[in-house]
Each structure stands twice: as C-alpha cells, then as structure tokens.
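Colleague: Just passing along the structure, written as structure tokens.
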Amino acid sequence: MFGIQSATLIAQDKINKIATPDKSKKIMVVDASCGECNFGLKGKSCDLAVRINGKAYFVDGTKIDEHGDAHAKDGFCEAVRKAEVQGEVVDNRFKATYFKLLPNETKKGMH
C-alpha cells in the first residue's frame, strides 16, 4: 500500500509543477493535439504537441495521457484543442513549464 500511495504522490507532484503559471512570464494560447495524428510530426507513438505560430513542436514537461484519454472523442488524437502554455522552444521541442488544457468550446447552434 505504501508503494501505491507514494507513486500517486509523485505523479501528482509532477503534474502540479507545470499546473501553476509563472506570473512574470506571458501565457500563450496555442493549439494542442497529438503530433503524429493531427500535426504531421514524425514519431513512434502518439505524443503531445503544440502548434505555435503555425509550427508544431513535441512537448517536454507533460505527456499526452496526463490530460485525459487521447483516443476519446475530444482527446488529442481525435481533436485539436486549445491550451494555455508557458515555456520555450529548445532543439525543436517545446519545453513546457506550464500547460493547462482549456475547456472545449461549445458551438452555439441555431434554434
């Protein structure tokens, strides 16, 4: 039981580290999705990516499965979502220091 609890605490701590923005840095709103499925990036499996100014980058600092089921109807492999991020591009990868998936926009239909 101790092993399960400590693993949960470690996982929560890792997520919380990028769940809080740095108030001294600008927050960007970007497209986020599976790099292979939706952004045309070459890779070995489904991996989180962001698109900044029209260019897609794989993300380091958080993983695709930390934000829900990637293969669900609104998951990263099926949809491009909006996310608030902070970080920088280093060696053609986005090093995220903050990542927050935004709620899906609901389209208001005509009645």
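Colleague: Of the residues in segment 62-101, how many are open to solvent by 40 Å² or more (accessible area, probe 1.4 Å), in a loop (DSSP other than H, G, I, E, B), touching a strand residue (DSSP E or B) at 6+ places or on another chain (Cβ under 8 Å) and at pLDDT 95 or above?
Modeller: 3
Colleague: Given the condition among the charged types (D, E, K, R) and touching an Asp or Glu at 6+ places or on another chain (Cβ under 6 Å), answer yes or no: does some residue in segment 19-42 qualify?
Modeller: Scanning segment 19-42, I find no residue that is among the charged types (D, E, K, R) and touching an Asp or Glu at 6+ places or on another chain (Cβ under 6 Å), so the answer is no.
Colleague: Please determine whether any residue of segment 11-20 is modelled with pLDDT under 95 and either within 17 Å of P103 (Cβ to Cβ) or aromatic (F, W, Y) (or both). I'd like the intermediate steps shown before the answer.
Modeller: Going through segment 11-20, the residues modelled with pLDDT under 95 turn out to be 11-20.
This time we only want the ones that are either within 17 Å of P103 (Cβ to Cβ) or aromatic (F, W, Y) (or both), so: 19.
Within segment 11-20 (the criterion being modelled with pLDDT under 95 and either within 17 Å of P103 (Cβ to Cβ) or aromatic (F, W, Y) (or both)), the answer is yes, since at least one residue qualifies.
Colleague: Being touching a Phe, Trp or Tyr at 6+ places or on another chain (Cβ under 7 Å) and of a type in the set (A, V, I, L, M) is the filter here; which residues of segment 53-84 pass it?
Modeller: A56, V59, I64, A70, A83
Colleague: Still on this structure, I have one more. Cβ-Cβ below 6 Å, separation at least six or inter-chain, first residue in segment 32-50 and in contact (Cβ under 8 Å) with a residue 40 or more places away in the chain and within 22 Å of T97 (Cβ to Cβ), second open to solvent by 50 Å² or more (accessible area, probe 1.4 Å) and of a type in the set (A, V, I, L, M, F, W, C): which pairs?
Modeller: S33/V80
Colleague: Which of (1) charged (D, E, K, R); (2) open to solvent by 50 Å² or more (accessible area, probe 1.4 Å); (3) at pLDDT 95 or above; (4) not in a loop (DSSP other than H, G, I, E, B) is the odd one out, the single condition K42 does not satisfy?
Modeller: (4)
The values are calculated or read from the model by the stated rules, or taken from the named source; none is laboratory data. Keep in mind that this is a model prediction, so the values were computed, not measured. Using ideal geometry, Cβ is built from the backbone for each residue, glycine included, and neighbour counts are taken over all protein chains shown. For accessibility, only protein heavy atoms count, side chains too; no ligands or nucleic acids. Shrake-Rupley method; radii C 1.70, N 1.55, O 1.52, S 1.80 Å.
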